[in-house]
1. Which value, in Å², gives the accessible area per residue of the stretch 30-173 when a 1.4 Å probe is used on the protein heavy atoms?
2. What are the chymotrypsin sites (Phe, Trp or Tyr not before Pro) within the stretch 102-154 that DSSP puts in a loop, where the Cβ has at most 14 other Cβ atoms within 10 Å?
3. If I compute solvent accessible area with a 1.4 Å probe over the protein chains, what percent of it on the stretch 30-173 is carbon and sulfur?
4. Can you run phi through the Karplus equation (6.51, -1.76, 1.60; θ = phi - 60°) for the stretch 36-48 and list ³J(HN,Hα) in whole Hz, with x for Gly and Pro?
Amino acid sequence: MRHLRLSAALAGVVAVCVLATSPETSAATVISLQHAPGSVCQLSIPTTDTGVRPKATGFRNESTTTGNFVICPLVSPMATGSDAFTFVNLSLLSLDGQSHDVACSAVANAISPAYSSKTISVNASGGSYQWSASDFGETFGSPIIGSQEMSITCLLPPQAAIRSVGAYYNREIGN
């Protein structure tokens, strides 16, 4: 009987020591980038009479006279929730070396859409847009609400191209 009490006491002390020395579990977060070439974009209103097409160097409007609406989806990482991205970006090029104004709107949250529009002048060296949560009335640096279902639509003028689209998100690694 005496050995049973000693064994129970020893087991209790071992359990307390193990629990007291076990490391806390916490997930580390790294900033990751989702990047895609402009060729993922498509015409917003499909037509066969256009100079706009996907190419290896991006989604290009090779027309010299007509602008077209182009939509670029952003694919969210599978492991994130509905507020996937912290920043979304779009890179553009001028095909003729001239300056072109490109108007684009980013939309997040398909259920209750939130829109943010920007216009940028794209010159011979290109140009880019970046959207953050603050562009949608939220806190800068926090995830964009509803960004798991997000796209960017641009009125792509003649002789301009979308080079790439991308988004930054916080990825948890480990526990």
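1. Values: 7180 Å² over 144 residues.
About 50 Å² of surface per residue is accessible.
2. Here the sparse-neighbourhood loop sites are 140.
3. Numbers: 3800 of 7180 Å².
Solvent-exposed carbon and sulfur of the stretch 30-173 make up 53 percent of the total.
4. Result, ordered by residue: 9, x, x, 5, 6, 6, 8, 5, 6, 10, x, 7, 9 Hz.
The values are calculated or read from the model by the stated rules, or taken from the named source; none is laboratory data. Because the structure is a prediction, the values reported are computed rather than measured. Using ideal geometry, Cβ is built from the backbone for each residue, glycine included, and neighbour counts are taken over all protein chains shown. Just so you know, the surface numbers come from the protein's heavy atoms only, side chains and all, with ligands and any DNA or RNA stripped out. Shrake-Rupley method; radii C 1.70, N 1.55, O 1.52, S 1.80 Å.
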